[in-house]
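Shown next, in structure tokens, is the structure this report addresses.
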């Protein structure tokens with residue numbers, strides 16, 4: 001005898017993606033190893049992290065905008081973001 005299909009939504013997991021992510025996930029999203037990510041951080045090549053106590057996190061939205069902007073170094077990225085720190089500005093090339 002066949003079992004009826006489960007009710008819709010019952011087996012589907014609602015996945016909540018965090019707004020702030022650790023270095024290992026940030027590196028994965030950018031397609032590099034965690035070691036490379038930490039080296040880039042030391043060299044000033046990635047956006048500044050957020051510190052909560054001893055935990056170092058990056059904004060998922062900020063990383064997505066950074067990638068879309070062509071992965072500029074940290075100082076250029078801060079200038080592109082402007083005064084409000086949220087919306088990146090387009091620099092003339």
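Laboratory data are not the source of any read-out in this text; all were calculated from the coordinates shown. Since we're looking at a predicted model, the values are computed, not measured. With ideal geometry, Cβ positions are generated from the backbone for all residues, glycine too; neighbour counts draw on all protein chains shown.
The table for this structure:
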quantity: Distance (nanometres) between label positions extended 7 Å along Cα→Cβ at residue 55 and residue 34; calculated: 1.6 nm
quantity: Mean Cβ count within 10 Å, highest first, over the residues of peptides 17-27, 57-67; calculated: 57-67, 17-27
quantity: Quarter of Cα convex hull surface for segment 20-81, i.e. mean projection, nm²; calculated: 3.9 nm²
